[in-house]
Amino acid sequence: MQENFTVGWGTLALINAAIAQSKNRGGAPWLIASLFLGPIATALLVLLPKYEVTPERLEREKAVEKVLKIVNIALVVLIVLAIVIALVKKYWV
């Protein structure tokens with residue numbers, strides 16, 4: 001019974017990704033969201049209007065991308081730093 005539930009939930013996530021792409025939205029984020037939200041994500045996708053690209057939205061998205069690049073770099077630096085600290089503690093102490 002659990003296997004059928006898992007297959008159905010995964011299939012719903014794939015369907016939601018396709019619906020998202022048909023509405024000019026990212027398929028991958030909606031696939032991940034659907035794995036957690038399931039039918040709630042489907043309802044949200046059905047109710048959301050199609051994403052229309054406007055110059056204002058493009059400018060906003062570019063600004064968000066710049067911020068996300070900085071956040072990604074900071075996270076990578078923190079992860080590398082944590083690994084270095086762990087290795088130093090393991091082999092130096």
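The values are calculated or read from the model by the stated rules, or taken from the named source; none is laboratory data. This structure is a prediction, so every number in the text was calculated from the model and none was measured. With ideal geometry, Cβ positions are generated from the backbone for all residues, glycine too; neighbour counts draw on all protein chains shown.
Applying the selection to the range 1-15, what residues are touching a residue at least 12 places away in the same chain (Cβ under 8 Å) and either basic (K, R) or out of contact with any Pro (no Cβ under 9 Å at 6 or more places or on another chain) (or both)?
If the condition is that a residue be touching a residue at least 12 places away in the same chain (Cβ under 8 Å) and either basic (K, R) or out of contact with any Pro (no Cβ under 9 Å at 6 or more places or on another chain) (or both), then W9, G10, A13, L14, I15 are the ones that fit.
Identify the residue in the range 23-42 that is free of Cβ contacts under 8 Å to residues at least 12 places away in the same chain and farther than 19 Å from F5 by Cα and, among all such residues, is nearest to the chain's Cα centre (by Cα).
P29
Just one of (1) surrounded by 15 or more Cβ atoms within 10 Å (Cβ to Cβ); (2) at pLDDT below 90; (3) among the β-branched types (V, I, T) trips up T42, so point out which.
(2)
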